[in-house]
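So the structure is just underneath, and the comments pick up after that.
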């Protein structure tokens, strides 16, 4: 079974979601026997780190839709987004934008066949796999829902970027991604160690924490049980054992306590080191 299919099957265990607000998901009913509210510690692999729709992201997206900017057009928003990305990643010389990540990865393979393209996440310096130097190619994880965002490739060498023209991207995506990057700068002022440390009391037995990222202390064969136990406690963790879960911008001690009690009683063997 492919990795993406495993992720889909695990996410399909959620009941139908009627609303997402900030870092919580609200289900239609409890017909599945699961809770009707979930703390989101997956956030679509970090794309929704700002919450379900950020602060003003919905306003920006609605304005672009109202102006009919949903199709690929030349736009002054493209150089603004490129400039913002180069400022955030000073180790890179050029950016190319694509309509989605699949097209970005195809472009990367054309430039460097078979090369792995690392994903640069917000607060990536805290991650285990954070590279010491800028890789030749990288894909920044934009803090914006995938439905509203383009994909971007960062090129360490400008000559490599010349081999890829990128895509013409709908201005809706350009405006949304740029707004999300601006919001991330504001969000980062309150989203730091003083917040993340609050989780240690409940979760340190079950996760190794690196900044806001949580690596479960479980063997690969126990991950399915781990995921289902967390879901039953009202927490959506990463459906992929190779990708960490992520602390939300807001969480209650009670929510983490329910998760800790469920995990402690699950019978899962916990590793002392991840």
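Among the residues making up the range 45-67, those that are at pLDDT 90 or above, buried (at least 16 other Cβ atoms within 10 Å of the Cβ) and out of contact with any strand residue (DSSP E or B) (no Cβ under 9 Å at 6 or more places or on another chain) are 47, 50, 60, 61, 64. The residue of the range 68-82 that is surrounded by the fewest Cβ atoms within 10 Å (Cβ to Cβ), among those that are touching a residue at least 24 places away in the same chain (Cβ under 8 Å) and over 24 Å from the mean Cα position of the chain (by Cα), is 74. So which residues in the range 230-254 are part of a helix (DSSP H, G or I) and surrounded by fewer than 20 Cβ atoms within 10 Å (Cβ to Cβ)? Of everything in the range 230-254, those that are part of a helix (DSSP H, G or I) and surrounded by fewer than 20 Cβ atoms within 10 Å (Cβ to Cβ) turn out to be 232, 253, 254.
With respect to (1) in contact with a helix residue (DSSP H, G or I) (Cβ under 8 Å, 6 or more places away or on another chain); (2) in a helix (DSSP H, G or I); (3) at pLDDT 95 or above, the lone exception for residue 86 is condition (1).
Yes or no: residue 160 assigned to a helix (DSSP H, G or I), within 21 Å of residue 116 (Cα to Cα) and assigned by TED's automatic domain parsing to the domain that holds residue 112? Yes, satisfied.
Every test in (1) buried (at least 17 other Cβ atoms within 10 Å of the Cβ); (2) at positive phi is passed by residue 210 save one, and that test is (2).
Among the residues of the range 155-166, is there at least one that is modelled with pLDDT under 95, crowded, with 18+ Cβ neighbours inside 10 Å, at negative phi and in contact with a helix residue (DSSP H, G or I) (Cβ under 6 Å, 6 or more places away or on another chain)? Yes, there is a match, as at least one residue in the range 155-166 is modelled with pLDDT under 95, crowded, with 18+ Cβ neighbours inside 10 Å, at negative phi and in contact with a helix residue (DSSP H, G or I) (Cβ under 6 Å, 6 or more places away or on another chain). Flag: residue 227 does not match the condition of being crowded, with 19+ Cβ neighbours inside 10 Å, in a loop (DSSP other than H, G, I, E, B) and assigned by TED's automatic domain parsing to the domain that holds residue 24. Answer yes if at least one residue in the range 98-120 is in contact with a helix residue (DSSP H, G or I) (Cβ under 7 Å, 6 or more places away or on another chain), under 25 Å from residue 248 (Cα atoms), modelled with pLDDT under 95 and surrounded by 19 or more Cβ atoms within 10 Å (Cβ to Cβ), and no otherwise. No, the range 98-120 has no match at all.
Determine if the range 47-58 includes at least one residue that is assigned to a helix (DSSP H, G or I), in contact (Cβ under 8 Å) with a residue 60 or more places away in the chain and in contact with a helix residue (DSSP H, G or I) (Cβ under 6 Å, 6 or more places away or on another chain). Yes, that holds for at least one residue. Taken over the range 1-43, residues that are part of a helix (DSSP H, G or I) and surrounded by fewer than 14 Cβ atoms within 10 Å (Cβ to Cβ) amount to 5. For the range 252-274, taking the residues that are modelled with pLDDT of 95 or more and touching a strand residue (DSSP E or B) at 6+ places or on another chain (Cβ under 6 Å), the one that is farthest from residue 190 (Cα to Cα) is identified as 259.
The values are calculated or read from the model by the stated rules, or taken from the named source; none is laboratory data. Not measured: the values here are computed from a predicted model. Positions of Cβ are generated from backbone atoms using ideal geometry, with glycine treated the same way; all protein chains shown enter the neighbour counts.
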